[in-house]
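Since the structure comes first, as structure tokens, the remarks are kept for the end.
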Amino acid sequence: MKKTALSLGLAMALIGPASTSQAATELNFATWMPPGHPINATILPQWAKQIEAGTKGRVSVKFEYNLGEPGSMFSIAEDGVADGAWGFHGYVPGRFPLTEAVEMPMLGANAEAASVSFWNVYNEYFAKAGEFDGLELMALCTHGQGQLHTKFPINALSDLKGKKIRVGGGVQSEIAKRMQVTPVAAPGPKIYELLQQGVIDGITMPQSEQRGLRLNEVTSHLTVYPSGLYLGSLSIFLNPEFMASLSEEDQAAIRRVSGESLSRTCGQAFDAADEDGIKTARESGVNVNELHPGDALTQELTTVLEGIDQAWLEKTSASGVDNKAALQSLRERARNYQPEH
């Protein structure tokens, strides 16, 4: 009897720790862009720590690279290949037209203001349209204001005509058309190589990428339009079935560190990266041309950008949402945003 009890006790002692270990759930999260990019170096690691702390270690996050092309991230999470991912909306043309509200030219707000406003306006006005059905949104955000990085100087709009410029889709495609450039579609991780090999003459991207994608090594000019040519929008999301597999307590813990909070963190990181990017450009000898409102090139670009918002209103008129009120609300919130201290 004693031997049996001892054996049972030993077995329970061995099983106990193993069971505790097995109870921890690993959230496999698909990511892309280089490891030093703000989303991989700052945004996602910080969120992962918050998830692990909020769930008291019951949920840990593992980041997976090379699970697919950037445009496939949404389907990778939907299909359960990964438990979550982040994606750039412009890489899947036609799927997320409402997200283009925040991408409109001349918003005149930084990434933090735009991201927090984007999250709140999307949930208030756009969520019912179902663009993210099949996914649970964790955050919506934007990178910093899109600018022109080129291998040649831009003194007038005519300098851009016919040049091969990489664009990331969404509103950028319309801007490229109006500038009369030759648009080249390519994901972010391929840009350095394309510039290095002379396949493209320049790109539209935030100034952060002077450092993040090492554009300072393959471009010679950065043209900064005062209120930004556009904002690129992205989202962070999880598979709903994965979320449903967690306890209600852990689901709530993840949601508490997501939403507006994660959107704000995302925007703040991109704003900081913009500052680093322009500093890197200057230190590397890149010619930084910061335009002013009265400059001739500024006026030319402003003329080109006018009316893009009206085209978006027409394109999304059948979406079943009040797109005009949403766009107005987004602009008011972003321009009047007061950061938390």
Legend entry - Under-5 Å amide H pairs with residue 138, H placed in peptide plane, nonlocal only: 236, 237, 238
Legend entry - Size descriptor, Kirkwood hydrodynamic radius, that averages inverse alpha-carbon separations across the range 83-177, Å: 15.2 Å
Inset, instruction - Calculate for the chain the 222 nm mean residue ellipticity that helices alone would give, adding -39,500 (n - 2.57) per DSSP H run of length 4 or more and normalising by residue count, nearest 500 deg cm²/dmol. - result: -12000 deg cm²/dmol
Inset, instruction - With an 8 Å cut-off on Cα pairs and a minimum separation of 6 or more residues, tell me the relative contact order of the range 26-335 in percent. - result: 28 percent
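Which percent of the Cα-Cα distances in the range 246-332 go past 21 Å? Numbers along the way, then the final one.
On the way: 2500 of 3741 pairs.
Result for the distance tail: 67 percent.
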Inset, instruction - Please go through the range 112-196 and write out the trypsin sites (Lys or Arg not before Pro) that DSSP classes as loop and that have at most 16 other C-beta atoms within 10 Å. - result: 151, 161
Inset, instruction - For the pairs 151/315; 190/279; 163/279, note any where the Cα-Cα span goes beyond 29 Å. - result: 151/315
Legend entry - Over the range 171-317, relative contact order from alpha-carbon pairs under 8 Å, at least 6 apart, %: 36 percent
Legend entry - the range 85-98 - phi-based ³J(HN,Hα) in whole Hz, Karplus 6.51/-1.76/1.60, Gly and Pro as x: 6, 10, x, 9, 5, x, 7, 10, x, x, 7, 10, x, 5
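Projected area of the chain, taken from the Cα convex hull and averaged over every viewing direction, in nm²? Numbers along the way, then the final one.
Numbers: hull surface 82.4 nm².
Hull-based average projected area comes out at 20.6 nm².
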Inset, instruction - On a 0 to 90° scale, report how tilted helix 260-283 is relative to the longest principal axis of the chain, with both axes built from alpha carbons and the result rounded to the nearest 10. - result: 50 degrees
Inset, instruction - Calculate the dipole size of the range 26-335 relative to its Cα centre from +1 charges on Lys and Arg beta carbons and -1 charges on Asp and Glu beta carbons; express the result in debye to the nearest 20. - result: 540 debye
Inset, instruction - Just subtract the alpha-carbon distance of residue 335 and residue 303 from 0.36 nm times their residue separation and send over the number in nm, one decimal. - result: 9.4 nm
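Every number here is computed from the coordinates shown, using simple stated rules; none is lab data. On a predicted model such as this, the values are computed, not experimentally measured, just so you know. Counting neighbours? That spans all protein chains shown, and the Cβs are built from the backbone with ideal geometry, glycine included.
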